[in-house]
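Before any comments, here is the structure.
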């Protein structure tokens, strides 16, 4: 039998205990470290959250302050009334036209200046021409500083050129009627006499006016025709019938009607003369 050494047994037992204590101490230390780390992390998270909340509050406060400032500025801007420079008189211009002068206003046609009138518009004294449009049976006012919109009546040479335009061949485009109608309307409202003559020439249908033309075509034709007729009448100083005959002759309109009227008049004259001769013969026979 071997001898049992107490020293060796004690050494082994102490070694085991030391190992166990070391391991347990290490475990305890690791657990404590984990707990501490957790606590540190939670504290950091709380601090970060608190910082974020503070930053968000500051941002919201700044936004609200900016909005309030903007509102105040807008209120101040709205409250502040703009400075208006008071103008008592219109910019002075020389009168080009006189009373009783005939003038062409592009939108309404030929009108006559009746008088000069001063009007107060918004505290401003405005000098105006008062125009009378006999066709529309209406009066209109145009400021003197906008008399460039008016034009004087055409000369006799311009009228003769218009007659030559009316005699020329019509230039009809193949585009849609809506576009052509816009072009014709623009020409009419321009107030230029040559463009008016072109519209009358292009929309003229001769004797078949009522059959071939649509309502809108007929309206535009009549509008341009009447404006040209009134200007021709005043420039030439003739009757409405004579000016109309001149225009119709250039356009080759109503020529057939004139010939028929002439033939009927001749027939009437012949009948009257025949009746008179018959009555004369009867009177002679009775006397005999």
| Is it fair to say residue 161 is surrounded by 11 or more Cβ atoms within 10 Å (Cβ to Cβ) and under 25 Å from residue 247 (Cα atoms)? | yes
| query | Does the stretch 171-199 hold any residues that are over 16 Å from residue 218 (Cα atoms) and not in a helix (DSSP H, G or I), and which are they? | reply | 171, 173, 174, 175, 176, 191, 192
| task | Identify, from the list 264, 238, 259, the residue that is outside any helix (DSSP H, G or I) and either at pLDDT below 90 or out of contact with any strand residue (DSSP E or B) (no Cβ under 9 Å at 6 or more places or on another chain) (or both). | result | 238
| task | Mind listing whichever residues of the stretch 66-106 are part of a loop (DSSP other than H, G, I, E, B), on the phi < 0 side of the Ramachandran plot, at pLDDT 75 or above and touching a strand residue (DSSP E or B) at 6+ places or on another chain (Cβ under 9 Å)? | result | 95, 96, 97, 98, 99, 101, 106
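To keep it simple, each residue is scored yes or no on (1) closer than 21 Å to residue 235 by Cα; (2) touching a residue at least 40 places away in the same chain (Cβ under 8 Å); (3) under 27 Å from the mean Cα position of the chain (by Cα).
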| site | (1), (2), (3) |
| --- | --- |
| 106 | yes, yes, yes |
| 121 | no, no, yes |
| 131 | yes, no, yes |
| 154 | yes, yes, no |
| 170 | no, no, no |
| query | How many residues, within the stretch 133-150, are under 16 Å from residue 101 (Cα atoms) and in contact with a helix residue (DSSP H, G or I) (Cβ under 9 Å, 6 or more places away or on another chain)? | reply | 2
| field | Any hit, the stretch 108-117, residues being assigned to a strand (DSSP E or B), closer than 28 Å to residue 235 by Cβ and in contact (Cβ under 8 Å) with a residue 60 or more places away in the chain | value | yes
| said: Let me confirm something: among 160, 145, which residue is at pLDDT 80 or above, assigned to a helix (DSSP H, G or I) and in the same structural domain as residue 231 (by TED's automatic domain parsing)? | reply: 160
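The values are calculated or read from the model by the stated rules, or taken from the named source; none is laboratory data. The model shown is predicted, which means the values in this text are computed figures rather than measured ones. Quick reminder, even Gly has a Cβ in these numbers, built from the backbone with ideal geometry, and neighbours come from all protein chains shown.
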